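Single-structure report; data block below.
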Amino acid sequence: MATDYDAPRKTEDDSESIEALKERVPDKLSGAVDVEDADNPSGFELPGADLSDLELDVVVLPPQEDEFTCVNCFLVKHRSQLDHEDSGGPICTECAA
């Protein structure tokens, strides 16, 4: 069966007003605030706020045998992304392009 996608798609359900739809669906988010935000432990921060008292736990791994650091973009890449080695050091395929 062929469908005319340009034809208006109104049905009898579309005649309801926005207010009627809002009454049928309960507002689950009204008054509910997500107090625990793992990404931002101290609440909402403004840009440029002093975060010097915030302590971060980061595990730094040493370079692996199958990795290199590109001397152009300074990103750690897998050896499969090595394009060539320059006099300064290894260059990745993205920087060589």
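Here are a few things to note about the model shown:
- Rounded to the nearest whole Hz, the Karplus-based 3J(HN,Hα) values (6.51 cos²θ - 1.76 cosθ + 1.60, θ = phi - 60°) of the range 55-72 follow the sequence 9, 10, 9, 10, 9, 9, 8, x, x, 7, 5, 9, 10, 9, 10, 5, 7, 8, with x at glycine and proline.
- Sorted on the mean count of surrounding Cβ atoms within 10 Å across their residues, most packed first, peptides 76-85, 60-69, 47-56 read 76-85, 60-69, 47-56.
No value in this document is a laboratory result; all are computed from the given coordinates. Predicted model, so just to flag it, every value in this text is computed and none were measured. Please note: Cβ atoms are built from the backbone with ideal geometry, for glycine as well, and neighbour counts cover all protein chains shown.
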